[in-house]
1. Non-local amide H neighbours of Phe227 (under 5 Å, H modeled in plane, Pro and chain starts lacking H): which ones?
2. Which whole-Hz couplings ³J(HN,Hα) result when phi for each residue of the range 279-284 is put into the Karplus expression 6.51 cos²θ - 1.76 cosθ + 1.60, θ = phi - 60°, listed in order with x for Gly and Pro?
3. Which order do peptides 107-113, 32-38 fall in by mean Cβ count within 10 Å, highest first?
4. Rounded to the nearest percent, how much of the accessible area of the chain (1.4 Å probe, protein heavy atoms only) is carbon and sulfur?
5. Quick check: Cα centre of the range 494-564 to Cα centre of the range 292-338, how many Å?
6. Would you work out which of Gln90, Gly52, Gln320 lies farthest towards the positive end of the dipole of the chain, given +1 charges on the beta-carbon of Lys and Arg and -1 on that of Asp and Glu, about the Cα centre?
7. In nanometres, what is the gap between the two model label sites at Phe218 and Arg23, each 7 Å from Cα along Cα-to-Cβ?
8. Quick one: 3J(HN,Hα) in Hz for the range 320-332, Karplus 6.51/-1.76/1.60 with θ = phi - 60°, rounded, Gly and Pro as x.
Amino acid sequence: MSAAPTVAQLAVGAPVHSPAGGREWWRSAVIYQVYPRSFADGNGDGIGDLPGVTAHLDHLRSLGVDAVWLSPFYLSPQKDAGYDVADYRQIDPLFGTLEDFEVMLEAAHERGLRVIVDLVPNHTSDQHVWFQEALAAAPGSAARDRYMFRDGKGTGGKVPPNNWQSIFGGPAWTRLAPREDDGPAGPQWYLHMFDSSQPDLNWDNPEVRTEFENVLRFWLDRGVDGFRVDVAHGMVKAPGLPDWAGRVAMVEGTDPAAPEDGSTGAGNNGPMFDQDGVHDIYRAWNRVLAEYDGDRALVAEAWVEPLSRLANYVRPDEMQQAFNFSFLTTPWSAPAMRTVVNASLAAMDDVGAPTTWVLSNHDVVRHASRLGLSEVAAGPLNGIAATDPQPDHVLGLRRARAATLLMLGLPGSAYVYQGEELGLPDHTALPAGVRQDPAFFRTGGAEAGRDGCRVPLPWTADAPGYGFGPTGDTWLPQPEAYGVLAADQQYGVAGSTFEMYREALAARRVEDLGHGALSWVDAFASSPDVIAFQVADVVVVANLGAAPLALPALPAGSEVLVASGELLGADGVLMLPSDTTVWLRA
Ligand code: NOJ
Ligand code: CA
């Protein structure tokens, strides 16, 4: 261990954030994302389902999260893994029945877990009855007006209405088959910002607005605690649908020149995103939620930057939370992390909303893989293929654990994606033949797509399919690395990733970190390698540098609450190794 910096004391500056508002659960909750098709399989068909979720709720209870968000389980042809909804009030038989949902909801509530469901309002499936009606109806009809149908340009309308590209690649317009009553422009085109099987709805149509308010009520009546709103920044398009040359990738980010406002390039812009008119929808939904007792919540999935624009979605009369993708896409660098934390807290404080934090979800490469790739960058987000440079799993897991402890120490609400509590990496060598993400197909394989982060979870090391279900079938193959990471290998094992999450979540609750104020530790306030802050009575120190860091002797009565790796030390000096985070209580 070479010349490590020594710290005289952990004095802190003035708080940069003071928690606002009340004690509603969503201001501080740690919310666990269940991706139903990959969580646990109850009936042995290789696809996770609602009975599988119910069967493993004790895992979540023991982990210590406050709430669960489930990705879509509605009736769907599964062209985009359920983000193509054919009926918003029915459960897809793949996942079970409405009764299975009710059983799961009750079992979750009995365990003190809130439940958030996914709402997909930007588009439906092409199998939705409305789209089928639109196809059968004439141009200009009321049925077509629920979607974004337009005549093409040029002779015979052969040119798409504008030049927009789909987020999954290829053109954002598809042309219908000819009909006898087509006008002079010939068959119409319809807009799909995602796959051609996901036609965009027309949110200028009052029937569309009313229908979704009723869908909210349908699930609120069943007792859900809130909704995660898919593509929340996309429903309203700029008038006239002006041309825009850019192509928005599914996810972007990690702009190396991170500016002071915390932006990383993770914002989707262009005339199809973040239009001011979208906020009327959320004001109306806020009023729908207010019809119900309890603190129900709306969470925006909005890839919007800068954070001050994102904050518009969580003004007091709109939604309750918005995912913080600027944080997710920030490189593993102390100055960049400090910047995004400051900018996030400032932007959300301005509107009285909690900040959220997230490192992984079903759309991005898991942080245990991402952070194993390069020195500083947050790594690629859109999937890793067998032919790409492969992550270093040991480094990735080490950094992922450190990043997680950093995240869980921050005030506000945090998201945990299923499997990250086991330290799972992506499957980074999936054969092309098993891939299912439409982004893989629509980009002709240029993007590996998101299947690698959606691999079925390992529950039991020595069971077929690592205990994912009763038969050993899994809809995607699991990498061998999942064996040692299976849940049963980690329960009760000191130092395992699962136990680290459990300790951190317990300490977070006891110390009330979610509602704490944040102050930076003076000695590291502009350190290139170390990020250190105090929230409530807990000091969080993360060493992102290459050299071990000497921490001061802790005053009597203080203690190490949790650490992401083994701490070294001698003669009363604690050494924090590289890529390690520790929580200390004064
Ligand atoms: C965002 C979802 O998280 C993603 O999985 C989906 O493909 C798109 N929205 C389209 O619904
Ligand atoms: Ca199943």
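1. When sequence neighbours closer than 5 places are left aside, the close amide H contacts are Val117, Ala297, Leu298, Val299.
2. 5, 4, 4, 6, 5, 5
3. Packing proxy ranking, top to bottom: 32-38, 107-113.
4. 52 percent
5. Computed from Cα coordinates, the inter-centre distance equals 23 Å.
6. It is Gln320.
7. With each label placed 7 Å out from Cα toward Cβ, I get 3.6 nm.
8. Using θ = phi - 60°, the values come out as 9, 9, 9, 4, 9, 7, 4, 5, 4, 9, 6, x, 6 Hz.
The values are calculated or read from the model by the stated rules, or taken from the named source; none is laboratory data. Since this is a predicted model, take the numbers as computed values, not measurements. FYI the Cβ positions are ideal-geometry reconstructions off the backbone, even for glycines, and counts take in every protein chain you see. With ligands, DNA and RNA removed, areas are computed over all heavy atoms of the protein, side chains included. Shrake-Rupley method; radii C 1.70, N 1.55, O 1.52, S 1.80 Å.
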